[in-house]
1. So if I check each of LEU164, LEU175, which one is in contact (Cβ under 8 Å) with a residue 60 or more places away in the chain and farther than 19 Å from GLU76 by Cβ?
2. Tally up the residues in the stretch 178-204 that are aliphatic (A, V, I, L, M), closer than 13 Å to TRP88 by Cα and either touching a Gly at 6+ places or on another chain (Cβ under 6 Å) or touching a residue at least 24 places away in the same chain (Cβ under 8 Å) (or both), please.
3. Taking TYR155 as the residue in question, decide whether it is among the aromatic types (Phe, Trp, Tyr), within 23 Å of GLY32 (Cα to Cα) and assigned by TED's automatic domain parsing to the domain that holds VAL64.
4. Residue under question is ARG66, and the condition is that it be within 24 Å of ALA150 (Cβ to Cβ), in the same structural domain as ILE142 (by TED's automatic domain parsing), out of contact with any Pro (no Cβ under 8 Å at 6 or more places or on another chain) and of a type in the set (D, E, K, R); does it hold?
5. Which of the following residues is under 25 Å from PHE56 (Cβ atoms) and either touching a helix residue (DSSP H, G or I) at 6+ places or on another chain (Cβ under 7 Å) or not assigned by TED's automatic domain parsing to the domain that holds SER185 (or both): VAL96, VAL111?
6. Can you work out which of the residues in the stretch 45-86 that are modelled with pLDDT of 95 or more, part of a helix (DSSP H, G or I) and of a type in the set (S, T, N, Q) is surrounded by the fewest Cβ atoms within 10 Å (Cβ to Cβ)?
7. Could you please let me know if THR146 is among the hydroxyl-bearing types (Ser, Thr, Tyr), under 24 Å from ALA190 (Cα atoms) and without any contact (Cβ under 8 Å) to a residue 40 or more places away in the chain?
8. All but one of (1) under 22 Å from ILE63 (Cβ atoms); (2) touching a Pro at 6+ places or on another chain (Cβ under 8 Å) hold for ALA136, so report the exception by its number.
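The values are calculated or read from the model by the stated rules, or taken from the named source; none is laboratory data. Please read all numbers here as calculations on a predicted model, not as lab measurements. Ideal geometry is used to build each Cβ from the backbone, glycine not excepted, and the neighbour counts take in all protein chains shown.
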Amino acid sequence: MTNGQPGLRERKKAATREALSWAALRLAVERGLENVRVEDIAAAAGVSPRTYNNYFSSKAEAIVFRHRSRILRAAEALRARPAAEPLWEALTQALVEPFDGAEETPDPAWVTAVRLLLREPSLQAELIRGGARTRAELTAAIAARTGTDAERDLYPKLVASAALSAMQVSNEHYLSADPVVPFKSLFAEALRQLAAGLPEPSSS
């Protein structure tokens with residue numbers, strides 16, 4: 001680390017991990033998870049299978065990494081938001097920012113394939129396994145911003161859980177919507193409704 005920023009070695013490792021995760025997801029979507037080997041993922045990312053094994057212990061872990069990483073980056077981004085910014089505005093900006101590279105016009109075929117992929121028991125188990133850590137990191141960032149205690153106080157845990165539930169529901173809606181809709185704007189709207197206190201929809 002130099003001046004609070006990752007050094008060259010750390011950046012290279014992060015880039016390799018991201019490339020492996022993306023390759024694992026892309027190949028699993030194209031071929032089905034059971035038809036993808038570690039050797040295939042490593043070759044697609046331009047590294048050796050040994051290098052792959054230094055980063056991930058399973059295909060499921062590699063695929064889920066990008067989702068987990070976005071939440072951890074959001075927790076870091078929240079800590080860096082201006083102190084005077086209202087909590088839900090800062091939280092929304094931090095959570096939505098990692099999706100800046102997401103397609104605004106998603107490919108229906110890709111969405112359908114991802115929907116099928118996420119039914120895999122190994123991926124579902126991996127999402128649950130890593131959920132506690134990502135929730136804890138986001139809770140800690142919210143607690144630091146609000147002057148609450150991440151261990152003892154209900155508030156930061158409740159806000160983190162609500163925000164992550166909004167992400168999950170947005171993802172489910174994204175994967176089932178017909179026609180397909182952009183995830184980023186969908187997620188931002190879900191967070192906006194949470195910030196507004198989930199008012200009942202107008203009857204008009």
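1. Working: LEU164 fails: farther than 19 Å from GLU76 by Cβ.
Result of the check over LEU164, LEU175: LEU175.
2. Total satisfying the criteria: 5.
3. It is false that TYR155 is among the aromatic types (Phe, Trp, Tyr), within 23 Å of GLY32 (Cα to Cα) and assigned by TED's automatic domain parsing to the domain that holds VAL64.
4. no
5. On the way: VAL96 fails: under 25 Å from PHE56 (Cβ atoms).
Every option except VAL111 fails the conditions.
6. The residue in question is ASN53.
7. On the way: among the hydroxyl-bearing types (Ser, Thr, Tyr): yes; under 24 Å from ALA190 (Cα atoms): yes; without any contact (Cβ under 8 Å) to a residue 40 or more places away in the chain: no.
No, not satisfied.
8. (2)
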